[in-house]
Amino acid sequence: MKLVFAGTPEVAVPALDALIASGRHEVAAVVTRPDAPAGRGRRLVASPVAERAAEAGIEVLKPAKPRDEEFLARLREIAPDCCPVVAYGALLPRVALDIPARGWVNLHFSLLPAWRGAAPVQHAVMAGDEITGAATFLIEEGLDSGPVYGTVTEEVRPTDTSGDLLTRLAFAGAGLLAATMDGIEDGSLKAVPQPPDGVSLAPKITVEMAHVDWSAPALRVDRVVRGCTPAPGAWTVFRGERLKLIQAALVTDRTDLAPGELSAAKNNVYVGTGSHAVELLWVQPQGKKPMRGADWARGVRIAPGERVGAADVG
């Protein structure tokens, strides 16, 4: 088939690579989000998908909106059979959905109908799911509600951050998407409607959702920290400033600390929760680089009974 691939971030690159490497289909063009400011200089930088496509000599389309007439006209000229999509980042209008003969097929990082929305991997980690996966489905105008072509499962490991899990799913999903294109082409795959039961939503994780509640059980605190790593980053407040929580560990033998209460030893720093304590392994104070929790605790000289999360911050 002639394909036009749509995707933007680094997580979409393995799928593009898999389609290029398959040799069975022609990736005629790539659609990605426009160049965006990045770094201290805020200079415009092309998306990872745009950079990979340019390296491969593939035409790159960067519409401000996918309903722009110039983009739609070029898409009609290319006349793709199918448009595979991975984390493109913009809503596709009906006029665009109707152009490829076999539609737009999305690789979504959950086992649909679970976790429809922008942040399925983060929500899976935060909810304590033991198994998740990826699915390919035919895009329709509803939110991730189209019929499913195929799935692949992935175990959620006890120490997985959403970044760890998403990296594995990106590669497992790349193979699934390539196989889905093959199955659509030879007619061996038919899309199956999603069941009405088991629907859950995964909206974008806001900064407020990443604010740790120390009165919650330790298991919940651990899941929030892992689910919000690397983005947007779990956080708390210490002496009126935000403290980013990069990595924590459950400590089942410490139940002597009140929620938010700190306890520093030579090589460890602990925080009380609604159940047992957690150890802060890596943190990032406001305006500083990430550091080991014990190094941070030594630097700030925690007073007996001092707490995190005791006051809000603007």
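Each listed q (0.13, 0.19, 0.21 Å⁻¹) maps to a log10 I(q)/I(0) for the range 257-310, found by the Debye formula over equal Cα scatterers with no solvent: -0.28, -0.60, -0.73. Per-residue ellipticity at 222 nm, computed for the chain from helices alone with -39500 (n - 2.57) per DSSP H run of at least four residues, works out to -8000 deg cm²/dmol. Using 19 Å as the cut-off for backbone N distance, which residues of the range 283-300 belong to the label zone defined by a point 7 Å from the Cα of LYS266 along Cα→Cβ? The answer is 292-300. Full extension of the segment from ALA21 to LYS288, taken as 0.36 nm per residue of separation minus the current Cα-Cα distance, would add 91.9 nm. Taking each residue as 0.36 nm, the span from ASP182 to LYS62 lengthens on full extension beyond its C-alpha to C-alpha distance by 40.5 nm.
Highest mobility in the GNM of the chain, judged by mean-square fluctuation with C-alpha springs under 10 Å and restricted to ALA12, ALA210, ALA127, is found for ALA127.
Taking all protein chains into account, the per residue accessible area for the range 22-81 stands at 59 Å² (1.4 Å probe).
Surface composition of the chain: carbon plus sulfur atoms contribute 52% of the solvent-accessible area (1.4 Å probe, protein chains only, all chains present). Quick one: if the Förster radius is 30 Å, what FRET efficiency do ASP197 and GLU155 give, using the C-beta to C-beta distance and rounding to 0.05? Taking R0 as 30 Å, the efficiency between ASP197 and GLU155 is 0.80.
Between ALA87, ALA73, ALA124, the GNM of the chain built on Cα springs shorter than 10 angstrom shows ALA73 fluctuating the most. Here each label is just a point 7 Å from Cα along the line to Cβ, and for ARG102 and ASP253 those points are 5.9 nm apart.
Note on VAL300 and ARG43: with the Förster distance fixed at 25 Å, the Cβ-Cβ geometry gives a FRET efficiency of about 0.10.
For the chain, modelled as a GNM whose springs connect Cα atoms under 10 angstrom apart, the maximal fluctuation among ALA56, ALA134, ALA218 occurs at ALA56. Straight-line reach from LYS289: taking Cα to Cα under 27 Å and skipping same-chain neighbours fewer than 8 places apart, the lysines in range are LYS204, LYS244, LYS266. In the chain, a dipole from Cβ-located charges (positive for Lys and Arg, negative for Asp and Glu) runs towards its positive end, and of PRO120, VAL4, LEU189 it is PRO120 whose Cα lies farthest in that direction.
How much of the DSSP beta bridge set in the range 1-50 is antiparallel, as a percent to the nearest 5? Approximately 40 percent, going by the DSSP bridge assignments. These residues, THR32, THR229, go from largest to smallest accessible area, 1.4 Å probe, as THR229, THR32. Taking the Cβ of ALA56 as the center, what net charge do the other residues with Cβ under 14 Å away carry, scoring Lys and Arg +1 and Asp and Glu -1? Local charge sum for ALA56: -4.
The values are calculated or read from the model by the stated rules, or taken from the named source; none is laboratory data. These numbers were taken from a predicted model, which means no experiment stands behind them. FYI the Cβ positions are ideal-geometry reconstructions off the backbone, even for glycines, and counts take in every protein chain you see. Protein only, heavy atoms only, side chains kept; ligands, DNA and RNA dropped before computing areas. Shrake-Rupley method; radii C 1.70, N 1.55, O 1.52, S 1.80 Å.
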